[in-house]
Amino acid sequence: MAGWSQEEIGRGNRQRVLGEILGSGTISRTQIADNLALNAASVSRITRELIEARLVQEVGVSRPEGRRGPRTKKLTMDRAGGYVIGIGINAYQQVVTLADLSNNRIASWDAGGAGLTDGTSFIKACCKRAGTLIEKHVPERDRLFGVGLTIAGNLDKARGTVISAPTLGWVEETDVCEIVREELGVPVVLETPSAAICQSEVTFGVARNIENVAVIYCALGFGIGLQVNGEPYSGIGRVGGVLTEAKTTDGVGSNAPVSLTDLCGGKALLRQLLTPEVFDALSDQEKAQKIWDVVSLADEPDENYRSALEEFGARAANCFSLSLTVLQPELVLLAGPLAQSPYYLEGFRKQIENLKADLQVPIKIKSSEMTHMGAARLLSLNENIANAELDLNLLKGGR
């Protein structure tokens, strides 16, 4: 923090403390001080300000771990202190959700695919529905802190735009963040589902406190989210996207270029399982639903579906093994519909095990249950509250 002003240091410490409370769910002041290497007086002052701003509240009592002394109250987010909106959009499901500061879902709206292919109109429709939820459930409009958007597409996150979203039918650039700001008048943050899931798992979930994490979103195509050395990685210009059209070779004599989707994605899986007539007749939205059907039917059991899921899990591992060897992540999380199949996960894991000779440390591979909708809410909580420059004086006065 060399060169920072006292005001900047104070704001940074407040954000760190708020992040600890938000990420932990319930935590003591002593634990916060230990985790952040802050003195008790600073933590006490910061938490008092957060309580006065109705962002945090005291709950229950507990004895400090491993210490003698009186029981102390713990801290948690104040559920009644504010709200966020999460909007999650992919080919399978498009949902607008209102949640409180503890990420309790209050109300939601599922678009069901209606009007999805027109990006601008669809985002405006989502905002209209969000406005209805806000009007009905948010008593103080100034306690709505922001919107988190997760969209399965090629994003320019610096400009807040969707460059294209092939599986949604969006072929023109869409200024999604500008639309949301104009319609709802609150801060907006935009991410791909894979990047948002990575950030959410690192901040709130199974990857908490792990510095190097890779999330691979396995659906019709693929997306990837990375945390490298404790920081989210988006590349130059914070441009992120799905890997739908990323090219590799077919691995046979011709070495013809082929997209990851056509080689080992969900579309390729369906093409193998369905007749050409049935496959061609399905829209991308219907194909997204069909993937969930395949995952469910594999537990019937359906040997054909089960073996196909294992095969395509191994194919995906082949495609990503070189990248994982270079990145050397401590944890790989497979997310999305295909990753909910234990057969797909096992096929991926076994193939990585076969290819592990170049890995200095064995990679832990797990399935993430985080959805793109849930990640949208957590994205909003993290970026629009924990990492935002909130005016606590204004919040204290808003009683």
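Points to keep in mind about this one:
- Taken together, Gly148, Gly113 contain a single residue that is at negative phi and in contact with a helix residue (DSSP H, G or I) (Cβ under 9 Å, 6 or more places away or on another chain), which is Gly148.
- From the list Asn304, Asn318, the one residue that fits, being free of Cβ contacts under 8 Å to residues at least 40 places away in the same chain, under 25 Å from Ser259 (Cβ atoms) and either assigned by TED's automatic domain parsing to the domain that holds Leu274 or touching a Cys at 6+ places or on another chain (Cβ under 6 Å) (or both), is Asn304.
- Residue match in region 321-337 (condition: surrounded by fewer than 24 Cβ atoms within 10 Å (Cβ to Cβ) and either among the acidic types (Asp, Glu) or assigned by TED's automatic domain parsing to the domain that holds Ile21 (or both)): yes
- Exactly one residue out of Pro139, Pro193, Pro166, Pro187 is closer than 18 Å to Leu333 by Cα and not assigned by TED's automatic domain parsing to the domain that holds Val295: that is Pro193.
- Applying a threshold of 8 Å to beta carbon distances and a minimum spacing of six or more residues, or different chains, the list of pairs starting in region 322-347 at a residue that is on the phi > 0 side of the Ramachandran plot and ending at one that is among the aromatic types (Phe, Trp, Tyr) reads Gly336/Tyr217.
- Filter result for the condition that a residue is in a helix (DSSP H, G or I), farther than 30 Å from Lys287 by Cα and charged (D, E, K, R), over Glu353, Glu346, Glu389, Glu310: Glu353
- Selection from region 202-221 of residues that are among the hydroxyl-bearing types (Ser, Thr, Tyr) and either in contact with a His (Cβ under 7 Å, 6 or more places away or on another chain) or part of a helix (DSSP H, G or I) (or both): Thr203
The values are calculated or read from the model by the stated rules, or taken from the named source; none is laboratory data. Keep in mind that what you see is a predicted model, and the values were worked out from it rather than measured. For neighbour counting, all protein chains shown are included, and Cβ atoms are generated from backbone atoms with ideal geometry for every residue, glycine included.
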